[in-house]
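J.: Could you have a look at this structure, given as structure tokens, before my questions?
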Amino acid sequence: MMDCIFCKIIKGDIPSSKVYENEYVYAFRDINPQAPVHILVVPKEHISSVDEITAENSAIVAKIFEAIPEIAKSEKLSGGYRVISNCGADACQSVKHLHFHILGGAQLGEQMG
Ligand code: 5GP
Ligand code: ZN
């Protein structure tokens, strides 16, 4: 996707603070962190949101969730962390490339919405 900011980050056309990468998955620090640790985990393949996950492309979700505990370990999030994916306008999704926020490094609030 030519106009997608996360596709450009994955390609290296826009710099990012990378924390993890494999054949399928890329993870980097959020530019506007909302917790001491705030990482975005994205598929290298462009998928717009959770709403675009199908039987054909859902294997990437497993790849992402295999990466998340590895990232959490390397970030020393032994006390726990939160994983969030905003999907669509009501959830305030601002970047239309599937991503999962990892938030941690402090006691998080009970409210999620
Ligand atoms: P959303 O609101 O779509 O769930 O999350 C998008 C996230 O991407 C936001 O937390 C925002 O700070 C982050 N973000 C937007 N543009 C950039 C960027 O160019 N670099 C990085 N590292 N994060 C970005
Ligand atoms: Zn993209």
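The values are calculated or read from the model by the stated rules, or taken from the named source; none is laboratory data. Computed from a predicted structure; not experimentally measured. Note that we place each Cβ from the backbone using ideal geometry, even for glycine, and neighbour counts take in every protein chain shown. Side chains are part of the model used for accessible areas, which takes the heavy atoms of the whole protein and leaves out ligands, DNA and RNA. Shrake-Rupley method; radii C 1.70, N 1.55, O 1.52, S 1.80 Å.
J.: Quick check on Ile14: is it under 19 Å from Gln93 (Cα atoms) and not in a strand (DSSP E or B)?
T.: The answer is no for Ile14.
J.: Run Met112 past the list (1) surrounded by 12 or more Cβ atoms within 10 Å (Cβ to Cβ); (2) more than 24 Å from Lys11 (Cα to Cα) and report the number of the one that doesn't hold.
T.: Failed condition: (1).
J.: Kindly provide the set of residues from region 76-104 that are away from ligand 2 (no atom under 16 Å from the Cβ) and open to solvent by 50 Å² or more (accessible area, probe 1.4 Å), ordered by number.
T.: Across region 76-104, the qualifying residues are Lys76, Ser78, Gly79, Tyr81, Arg82, Val83, Ala89, Asp90, Cys92.
J.: Could you tell me whether any residue of region 23-36 is away from ligand 2 (no atom under 16 Å from the Cβ), among the aromatic types (Phe, Trp, Tyr) and not in a loop (DSSP other than H, G, I, E, B)?
T.: Looking through region 23-36, none of the residues is away from ligand 2 (no atom under 16 Å from the Cβ), among the aromatic types (Phe, Trp, Tyr) and not in a loop (DSSP other than H, G, I, E, B).
J.: If Ile9 passes every condition in (1) open to solvent by 50 Å² or more (accessible area, probe 1.4 Å); (2) within 15 Å of ligand 1 (Cβ to nearest atom) but one, which one does it miss?
T.: (1)
J.: Another question, then. Going by the structure shown, is Phe6 under 13 Å from the mean Cα position of the chain (by Cα), among the aromatic types (Phe, Trp, Tyr) and closer than 24 Å to Gln107 by Cα?
T.: No.
J.: Follow-up. Filter region 56-78 for residues that are of a type outside the set (Val, Ile, Thr) and within 16 Å of Ala35 (Cα to Cα) and give the result.
T.: Ala72, Glu75, Lys76, Leu77, Ser78 - these are the residues of region 56-78 that are of a type outside the set (Val, Ile, Thr) and within 16 Å of Ala35 (Cα to Cα).
J.: Is it true that some residue in region 26-40 is surrounded by 12 or more Cβ atoms within 10 Å (Cβ to Cβ), under 20 Å from Met1 (Cα atoms), without any contact (Cβ under 8 Å) to a residue 40 or more places away in the chain and not β-branched (Val, Ile, Thr)?
T.: Among the residues of region 26-40, at least one is surrounded by 12 or more Cβ atoms within 10 Å (Cβ to Cβ), under 20 Å from Met1 (Cα atoms), without any contact (Cβ under 8 Å) to a residue 40 or more places away in the chain and not β-branched (Val, Ile, Thr), which makes the answer yes.
J.: Pairs needed: first member in region 61-72, farther than 13 Å from Val19 by Cα; second member anywhere, open to solvent by 70 Å² or more (accessible area, probe 1.4 Å) and of a type outside the set (A, V, I, L, M, F, W, C); C-beta distance under 9 Å; at least 6 residues apart or different chains.
T.: Listed pairs, sorted by first residue: Lys63/Glu23; Lys63/Tyr24; Ile64/Tyr24.
J.: Would you check which residues across region 38-75 are away from ligand 2 (no atom under 16 Å from the Cβ), part of a helix (DSSP H, G or I) and acidic (Asp, Glu) and list them?
T.: Glu66, Glu70
J.: Of the conditions (1) open to solvent by 90 Å² or more (accessible area, probe 1.4 Å); (2) assigned to a strand (DSSP E or B); (3) of a type in the set (A, V, I, L, M), Met2 clears all except one; give me its number.
T.: (2)
For (1) within 16 Å of ligand 1 (Cβ to nearest atom); (2) at pLDDT 95 or above; (3) touching a Phe, Trp or Tyr at 6+ places or on another chain (Cβ under 7 Å), each residue gets a yes or a no:
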residue	(1), (2), (3)
Ser48	yes, yes, no
Ala55	no, yes, no
Ala62	no, yes, no
Tyr81	yes, yes, no
Ser85	yes, yes, yes
